[in-house]
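Visitor: This structure is in structure tokens; I'll ask about it shortly.
The values are calculated or read from the model by the stated rules, or taken from the named source; none is laboratory data. Bear in mind that the values here come from a model prediction, so they are computed numbers and not experimental data. For neighbour counting, all protein chains shown are included, and Cβ atoms are generated from backbone atoms with ideal geometry for every residue, glycine included. Side chains are part of the model used for accessible areas, which takes the heavy atoms of the whole protein and leaves out ligands, DNA and RNA. Shrake-Rupley method; radii C 1.70, N 1.55, O 1.52, S 1.80 Å.
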Amino acid sequence: MSFIPLNITGEQIADIQQQGLKWTVAHAYNNSPYYKKKLEAAGCRPEDVKTLDDLENLPFTDKHDFLKDYPFPLRSVPMSDIVRIHGSSGTTGKRKILCYTKEDVDNWANIFARCYELAGVTKLDRVQIAVGYGLWTAGVGFQNGCERLGAMAVPLGPANVDMHIDMLLDLESTVFCATASMALLLSEELEKRKLTQKIKLKTIILGAERHSASMRKRIQEITGAKHIHDIYGMTELYGPGTGLDCTEHAGIHYWADHFIFEVIDPVTLKPLPVGEEGELVVTTLKKQGTPLIRYRTHDVTRLIPGACACGNPFPRHARISGRTDDMFIFRAVNIYPSQIDDILSSIDGVGSEYQIHLNQDADGRDYMTIRVERTNDAATGEESGLADQVSGRIRKKLLVRSRVEIVDYGTLPRTEKKSKRVFDNRPSE
């Protein structure tokens, strides 16, 4: 049994999206007082939605809507139909709470099983899950999808490295699912203990945080995994599992029979042509508990035109390059951490781990210090030359000056969670 409908055509996807859009707007309007008020304020009613072209007339939703309608924001079903809730971490304020019906949980498991299938995972695989469980969507999402596919789930969560290594060796896990930071931490520990030849990993699936090409390469070199896949998703969209990059690694296939993806200009809020980078906006097509209409994810990406060489009929978007809300301003220049990440990845001898420190001197002038590790095999004694390369490339690409400090491999902290990259110590206005 295949979970991916490989024979589906573009015309069929468009028809599913049109019908799904009509259903979502009517469902939200008729069952959520908050949505009804929001749609009417924008002059929109369900009967106004006739084709996909009408999508642009609908209002955006954003994280602020979850706070205004707390604690069960955008709920569009009776409380008796809700079988589960999940929530965001709440690190920037009140956490976002999402409601799930039985059908929502079922649909989520199915699309996650598609991701595993796209990664080449089969019923013979043993899938070690190293992401968080509980209120967060990641752990249970990875596990339900694994069990729906029929593979063996090894649900450790973000346990300590010793336990993960024990399970990799004892159970001979073939698939490892984690944040990139956790995967790097585990890989380096395997290398340190000289255990890389004793594991059976063939596939790694990374999610929850953006990671650089150099980090991906380092993890692959140590573990010997044939493929490292990037999975996309967020708490508001069921959780992880909205799409995954195939073995061609030429973009993330997203399940367009469950979602409409738009890319907009984050300033004008107008849709951008296919191929142009902007902010990803998502509309759900089957979500019952908490449907989303034109939800601003604040993730930066672009839609990829044309068919993929793998033959999968579903459309693609590029890997997430950053977030519109993690941008920082340095000397009147807007900078995304991902831009510095890409620059560092292009320089030989520079490792995957770095930190950006923003400070202010006694005269009130901002200055930026970048601490970056050398690679494990880079020669020592060449720090100044490597630092000059990094600062020169940053000045050329971003038009700003920076101080660069090259540190030994393994100096910067590793974490089981998401790595913090930007430390803004400048006084607030």
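Visitor: Ranked highest first by average number of other Cβ atoms within 10 Å, how do 7-18, 348-359 line up?
Guide: Sorting 7-18, 348-359 by mean packing, highest first, produces 348-359, 7-18.
Visitor: What is the Cα centroid distance between segment 215-265 and segment 298-355, reported in whole angstrom?
Guide: So the separation of the two Cα centres works out to 13 Å.
Visitor: Considering only protein heavy atoms and a 1.4 Å probe, what is the carbon-and-sulfur percentage of the accessible area of the chain?
Guide: 49 percent
Visitor: Moving to a separate point now. Rank MET1, MET327, MET79, MET182 by accessible area, highest first, at a 1.4 Å probe radius?
Guide: Reading off the accessible areas and sorting them downward yields MET1, MET79, MET327, MET182.
Visitor: For the chain, what is the accessible area per residue in Å², given a 1.4 Å probe and the full set of protein chains?
Guide: The answer is 45 Å² per residue.
Visitor: So, taking all protein chains as they sit and a 1.4 Å probe, how much accessible area belongs to VAL407, in Å² rounded to tens?
Guide: 10 Å²
Visitor: Follow-up question, since we're still on this one. What's the extension gain from ASP170 to GLU189 if we count 0.36 nm per residue and subtract their Cα-Cα distance?
Guide: 5.2 nm
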